[in-house]
Amino acid sequence: MIHVRRLGHASFSTPDLEGQAAYYSDVLGLRIVAREKDRAFLACRTGLEAIALERGDEVALKRLSFQVAPDSDFAAIGKELGELGIKSERRSGISPGIADALVFTDPKGTLIELFADYKFIADDGVQAVITPLKLGHVAYRVTDVQAVTQFYTDVLGFRVSDWRDTTFSFLRCNTDHHTVNFVVDPKPQLHHIAFEVKDWPEIHRACDFLAKNKIQLVWGPARHIIGHNIAAYHRNSDYVRVELFCEMDLMKDEALGYFDPRPWHQDRPQRPKVWPKDTMRNYWGFASHGTFPGYP
């Protein structure tokens, strides 16, 4: 089995390459580390790549990159995928930080780029109002959440952190409560992307900064119940929902099997489980009176 270690960057097509590059750099605080006529790469100030943009006719998530262990044997991984009926190929020059990758397609049609070695982006010393630590997770709407969840667990080595009844799965590949989420929807499409920031005061500052740039929140600030992260959501000009979050549940020891205890947990200890359908969206904050479906 492949064992994914972390999420790398997400690649999007956009009709407005210039506008999106400006949003991710000037508003969200990422750094443009490579720019071509029809493509741009942006990284967090920590040196981790986060977003790749390419000019296209529609707004769509095209690719996701995931890092595996540095000593991974791509030939062996490719053979393993082939035995499962999954075609893969080696590609080079994926991004400024990724020279080599094994590429294949997941069940929802997203191209997956597995990489083992990564070259961190140098710090340019520039400070930003919002300073994401990393691209934290990507959530996607799918028609068959069970099948997609099984692919990510059985093929890529993800573990299920939680389910919200049978329609919303939260999967982890490291200590973070979730790195990918899948929710049932008749129309497959991106649900949201999320960036981790340092703490709640930074989310507070970010909300003020977004408002100053005439970007209104669509949800939050609030503390979720599933995952328990503090989160605030907005949409960029491509109508992509973007979450800023901190204080997510952490599974620091897989053998113990519970998330690192926190005062706001509902269970003692808080273990992965199936939450009932009527679970509230949030522990506190906007929409803490409702359930998951129906928010804008």
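The values are calculated or read from the model by the stated rules, or taken from the named source; none is laboratory data. In this text the structure is predicted, and so the values were computed from the model without any measurement. In case anyone asks, the SASA skips ligands and DNA or RNA and just uses the protein heavy atoms, side chains included. Shrake-Rupley method; radii C 1.70, N 1.55, O 1.52, S 1.80 Å.
Observations on the structure shown:
- For segment 89-152: rounded, prolate or oblate by the Cα gyration tensor [a/c cutoff 1.5]: oblate
- Helical contribution to [θ] at 222 nm, DSSP H n ≥ 4, -39,500 (n - 2.57), averaged over the chain, rounded to 500: -4000 deg cm²/dmol
- A probe of 1.4 angstrom, applied to the heavy atoms of all protein chains, finds His224 with accessible area near 20 square angstrom.
- The order of Lys108, Lys212, Lys62 by accessible area, most exposed first and with a 1.4 Å probe, is Lys212, Lys62, Lys108.
- Distance from the Cα centroid of segment 84-159 to that of segment 27-58 is 15 Å (rounded to whole angstrom).
- Filter on Lys79/Lys198; Lys62/Lys198; Lys134/Lys187 - keep pairs with C-alpha separation over 32 Å: Lys79/Lys198
- Solvent-accessible area, 1.4 Å probe, carbon plus sulfur percent, for the chain: 53
- Per residue accessible area of the chain, 1.4 Å probe, in Å²: 44
- Legend: residues Trp163, Trp284, Trp275, sorted from most to least accessible area (1.4 Å probe; ligands, DNA and RNA excluded), read Trp284, Trp163, Trp275.
- Of Asp100, Asp73, Asp26, the residue with the greatest mean-square motion in the GNM of the chain, using alpha carbon springs below 10 Å, is Asp73.
- Rounded if a/c under 1.5, otherwise prolate or oblate - segment 49-122, Cα gyration tensor axes: oblate
- When Asp162, Asp117, Asp185 are compared by accessible area of protein heavy atoms, the largest-first order is Asp117, Asp185, Asp162, using a 1.4 Å probe.
- Probe 1.4 Å - accessible area at Glu58, Å² to nearest ten: 100
- For Tyr118, the accessible area of its heavy atoms, probed at 1.4 Å with every protein chain present, is near 40 square angstrom.
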